[in-house]
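Visitor: Structure provided below as structure tokens; questions to follow.
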Amino acid sequence: MALNLKEAGGSVRAIPPHLFYVLVLSALLGLSLSGCSGSSSIVGNWAPAGESVATLSFYSNGNLDAPYGGSFSDRSASEKWESASDGTLFLMSALGDTNRTFHRVTTVDVDWSDGYSYYLSGDTLIIDGKEFHRVG
């Protein structure tokens, strides 16, 4: 089986079958990897464990919606977030003041009393010992 491509000049050229399969496999691999990246992303809507209404929304542009008096802010809701290359999560006010800093842990078996850790895996997020699950 060969795939025919029409070139700019109007002539038709066949793509060899082995090259066609390499292209298809490359595309499938790319799609599967991009699907996996979402599982480690904090971007999305999060509800407390056992509830279905989101109370945290992390947006890809760095915005964060959290209710007043939410889990992470000493003043009002944090309005921005950033993640460092080492996984450190920064929650900030709209003015850029860092309200809280959390260090990523790789297991849920940690001492959550320090108040400065978070765990993220798939649809589970634990911040400061409070568990959330991805919704919507």
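Visitor: Quick query: amide H of S117 versus all other amide H atoms, modeled in the peptide plane; which residues come in under 5 Å with a sequence gap of 5 or more or a different chain?
Guide: H103, D128
Visitor: If amide hydrogens are placed 1.01 Å from N in the peptide plane, which non-local residues have theirs closer than 5 Å to the one on V135?
Guide: N45, W46, A47
Visitor: Please give, to one decimal in nm, the separation of the simple spin-label points placed at D86 and H103, each 7 Å out from Cα toward the Cβ.
Guide: 0.8 nm
Visitor: Related question: Given the Cα-Cα distance of D123 and S57 and 0.36 nm per residue of separation, how much length would full extension add, in nm?
Guide: 22.4 nm
Read the figures in this text as sums done on the coordinates, not as results from a lab. Here the structure is a predicted model, which is why all the values come from computation and not from measurement. Glycine gets a Cβ as well: all are built from the backbone with ideal geometry, and neighbour counts include every protein chain shown.
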